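Reading through the structure tokens given below for one structure.
Each reported figure results from applying straightforward, stated rules to the coordinates on display, with no laboratory input. This one's a predicted model, so the numbers in the text were calculated from it and none came from an experiment. Virtual Cβ from ideal backbone geometry, glycine too; neighbours counted across all protein chains shown.
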Amino acid sequence: MTDPQPDSLRALVRVMDRLRSPGGCPWDAQQTHESLVPYVLEEAHELAEAIETDDRVGLREELGDLLLQVVFHARIATEHPTDPFDVDDVAADLVAKLVRRHPHVFEGAPVEGDVHVQWDRLKNAEKQRGSALDGIPLAIGALARGQKVLARAQRAGIDAAGLAREVDPPDEVGRRLLGVLVDAEAHGVDAESALRGAVRQLEDAVRAVEQVSRRGPSSDR
């Protein structure tokens, strides 16, 4: 791993400040945390696609685009009248959290069971959550949300797969989809990524048919 390059990161923060400040970019100056939400989601999906298609050039670019969103939101946060923070505060909080949630690395403490179980236990204690399912975003897709529910419940010692077989979805399709999620979790497969890959293959097949159709029927000479 190479050493961090703080000069480049500081330059990024300065550029963002210039864009956001008077005399900068009118569009950047108008943005809010809320208005940028679609861009955060879009950049995250584009990064996932670059990873899943092994696009090294795209991976580097999309990581930069996602980093821009972090710096942009942090710059907006500095303007809050009562609770301002900046990108240094964000980074400091992240460092503290990573150290706190990895006592087996930074404190020499033994791992208490599975590392994921320990992470969930420390996280739930910090946030004083009453359920293993608290904190799963409502905005993520149903496949991803369903698999997170299964994984969280299993790590909490609940037979989520057994419960999934007992629930009664309103239609047969829902029941089968839930069964697919149970199977994906049991085999360590990310259902959302698997479906994206399958859909990409379908898209390629559709485009291939379109190309043949545009060329028209071939004739023997």
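For the stretch 7-80, the mean projected area of the C-alpha convex hull, equal to one quarter of the hull surface, is 5.3 nm².
Compute, for the stretch 136-210, the length of the dipole vector about the Cα centre, with Cβ point charges of +1 (Lys, Arg) and -1 (Asp, Glu) only. Units Debye, rounded to 20.
I would put it at about 260 debye.
Here the chain is assigned +1 on the Cβ of each Lys and Arg and -1 on the Cβ of each Asp and Glu. Its dipole about the Cα centre then comes out at about 120 debye. For the stretch 136-210, the spherically averaged projection of the C-alpha convex hull amounts to 6.3 nm². Residue farthest toward the positive end of the dipole of the stretch 29-170, with Cβ of Lys/Arg at +1 and Asp/Glu at -1: which of HIS73, HIS102, ALA161? Farthest along the dipole direction, towards plus: ALA161. Once the mean of 1/r is taken over each pair of separate Cα atoms and inverted, the stretch 90-152 shows a Kirkwood hydrodynamic radius of 13.2 Å.
Helix check for the chain. Which DSSP H runs span at least 24 Å along their own axis by Cα, with a mean Kyte-Doolittle hydropathy no less than -1.0?
Answer set is 56-77, 191-215.
What residue among ALA29, GLY179, ALA92 has its Cα farthest toward the positive end of the dipole of the chain, where the charges are +1 on Lys, Arg and -1 on Asp, Glu, each on the Cβ? The Cα lying farthest towards the positive end belongs to GLY179.
Computed over the chain, the per-residue total of -39500 (n - 2.57) for DSSP H runs of n ≥ 4 gives a 222 nm mean residue ellipticity of -22000 deg cm²/dmol, rounded to 500. Among the GluC sites (Glu not before Pro) found in the stretch 106-172, those both in a DSSP coil and sparsely packed, with 16 or fewer other Cβ atoms within 10 Å of their Cβ, are GLU107, GLU112. Mean-square fluctuations from a GNM of the chain, with a 10 angstrom spring cutoff on Cα atoms, peak among HIS102, HIS33, HIS80 at HIS80. Net charge of the neighbourhood of ARG20, taken over other residues with C-beta under 15 Å away and scored Lys/Arg +1, Asp/Glu -1, is -1. If a/c stays under 1.5 just call it rounded; otherwise compare a/b with b/c (prolate if a/b is bigger, oblate if not). Do that for the chain, with a ≥ b ≥ c from the square roots of the Cα gyration tensor eigenvalues. Oblate.
What ranking, highest mean first, results for peptides 204-213, 62-71 when packing means the other Cβ atoms within 10 Å averaged over each residue?
Final packing ranking: 62-71, 204-213.
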